[in-house]
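Remarks on the structure that follows.
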Amino acid sequence: MIKLFDSERKVMEVLWREGDLPAGQIVKILKGEIGWNRNTTYTVIKKCVDKGAIKREEPGFVCSALISRQEVQDYETEELIDKMFDGSKEKFFAAFLDGKKLSKQEVEQLKKMIDDLEE
């Protein structure tokens, strides 16, 4: 799996939200959203291409995401659990739920997720 830095995730978020885009359009979006200049955006796009997260095609320097948001979330979650909870999902959930007030609906959703895993 590919480790993305925050800056790379910002570029990926644009592609996940908008679909395939020319790099120039990504520049415009990120300039408006977070104030990045053209050079910054192109540098981050190149890093994502080098990592295999983005495919770049001509004409028009069109960028496409090669990895999904779900793949990145899954990787980041596993990395967090490994790093902070010795790889134990049980410790992770215990820490997550410690002192938290969950609504009845949230409890039901968690129960359903667990039931779905058992099937």
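Of note:
- Identity of the residue in region 6-33, open to solvent by 30 Å² or more (accessible area, probe 1.4 Å) and among the acidic types (Asp, Glu), that ends up nearest to LEU66 (Cα to Cα): ASP20
- Residues in region 84-105 that are at pLDDT below 80 and among the polar types (S, T, N, Q): none.
- For region 47-54, the condition holds for at least one residue, the condition being that it is open to solvent by less than 50 Å² (accessible area, probe 1.4 Å) and either in a strand (DSSP E or B) or over 15 Å from GLU8 (Cα atoms) (or both).
- Some residue of region 34-41 being within 16 Å of the chain's Cα centre (by Cα) and open to solvent by less than 50 Å² (accessible area, probe 1.4 Å): no
- Single residue of region 1-16 satisfying the filter (in contact (Cβ under 8 Å) with a residue 60 or more places away in the chain and part of a loop (DSSP other than H, G, I, E, B)) that is nearest to the chain's Cα centre (by Cα): LEU4
- Each residue in region 68-96 was checked for being open to solvent by 70 Å² or more (accessible area, probe 1.4 Å) and assigned to a helix (DSSP H, G or I), and 15 pass.
- In region 56-97, residue farthest from the chain's Cα centre (by Cα) [restricted to those that are aliphatic (A, V, I, L, M) and closer than 29 Å to GLY24 by Cβ]: VAL62
- Scanning region 17-46 for residues that are in contact with a Phe, Trp or Tyr (Cβ under 8 Å, 6 or more places away or on another chain) and assigned to a strand (DSSP E or B) yields one hit, PRO22.
- Note on region 97-119: among residues that are open to solvent by 100 Å² or more (accessible area, probe 1.4 Å) and of a type in the set (A, V, I, L, M, F, W, C), the one that is farthest from ARG9 (Cα to Cα) is LEU117.
The values are calculated or read from the model by the stated rules, or taken from the named source; none is laboratory data. Since the model is a prediction, treat every value here as computed from it, not as a measurement. We place every Cβ from the backbone using ideal geometry, glycine too, and count neighbours over all the protein chains shown. Calculation scope for accessible area: heavy atoms of the full protein, side chains included, ligands and nucleic acids excluded. Shrake-Rupley method; radii C 1.70, N 1.55, O 1.52, S 1.80 Å.
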